[in-house]
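In what follows, a structure is listed as C-alpha cells, so that the remarks can point back to it.
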Amino acid sequence: MRQILAVTIMFCLSMFGCPKGAYHSAVVAEHAFKSGVGAFQKAEIAEYQNGRISVEEHHRIEAGIEKIGTSGIILVNAMQNGAANPTISADLQLLIDSTTALMNDGVLGVKNPNSQAILKASLQTAQAVLSNVQEELNAAAPVAAKP
Amino acid sequence: MTPATPVTPPSASGAVAIIGDIAMLEPIAFNLVASLVRGLKGKSDAEILAGDATDWSSIVAIAHSEQSK
C-alpha cells in the first residue's frame, strides 16, 4: 500500500507541467522504473560491501539485475523506434518476468533479514512502477505513436 | 453478565517492525522521486529515452562486473 502511495506521489510530481499523452506517460513510467532498478542495485552493492550479503547471494542478484537491464534496453529501443504496441507489451512482459525472477530467486534467498527487507522494499517500489507502465499500455493502444 | 473481552494492546515489537518498515521505504521512495524529477526536468521524451538507454547499459555493465568479484 505504501509503495502504491509512493508511486502515486511520484507520478503526480513528474506529470505536473508535462505534456499529456499515453506515449509520454509510458516514457515517464519507464524512466521511473529504470531509476528504481538503479536504486535497488546501489542498495544491493552497499549491503554486499558491508558484508551483510554473501558472495553467492550477490552474484545471483546481480545476474538478475543484468537480465532486467538487458530487457530495459530492448524496451527503450522499441519505444524510441515507435514499435507497435504488441511489441512494446511483449518487451514489458519480459521485464516483469525478469523482476519477478529477481525477487524469487535473488532477494527472497538473502539470509540477513534486514538486508532482505531493504532489498524487498526497493524492488517492490520498482515493481509498482512497472505495474503502472502496464496499465498505461493497456489503457491506450496507440502508445507507440510518437508525438 | 459476560465479562468484556480484554483488548490486547499492540505489541512493542509489532510497532517497531512497522516503524522500521516505513523508515526503510521512505528514503527509497524519496530517492526515486528526486531521481525522477532530476531526470525529467526540461527534457523531451526522446532525450529521456536516450538517457535511459545509457543508464540501462551502465546498470548492465555494473551487474556484469559485480558478478566477477
Other residues with Cβ under 12 Å from the Cβ of residue A:67 give, with Lys and Arg +1 and Asp and Glu -1, a net charge of -3
Projected convex hull area of segment A:22-84, Cα atoms, direction-averaged, in nm², equals 4.5 nm²
Scoring only Lys, Arg, Asp and Glu (+1, +1, -1, -1) among other residues with Cβ under 13 Å from the Cβ of residue A:96 yields -3
Between residue B:30 and residue A:97, the two model label points (7 Å from Cα along the beta-carbon direction) sit apart by a distance in nm of 3.8 nm
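How far, in nm, would the chain grow between residue A:54 and residue A:135 when pulled straight, counting 0.36 nm per residue and subtracting the alpha carbon separation?
Details: separation 81, 0.36 × 81 = 29.16 nm, distance 3.65 nm.
Stretched fully, the residue A:54-residue A:135 segment lengthens by 25.5 nm.
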Here the gain from full extension of residue B:38 to residue B:67, 0.36 nm per residue of separation minus their alpha-carbon distance, amounts to 7.5 nm
Over 29 Å (Cα to Cα) among A:67/B:43; A:111/B:41; A:42/B:43; A:120/B:43 -> A:111/B:41; A:120/B:43
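Read-outs throughout are calculated quantities, based only on the coordinates presented, and are distinct from any laboratory measurement. Source: prediction; values computed, not measured. Glycine gets a Cβ as well: all are built from the backbone with ideal geometry, and neighbour counts include every protein chain shown.
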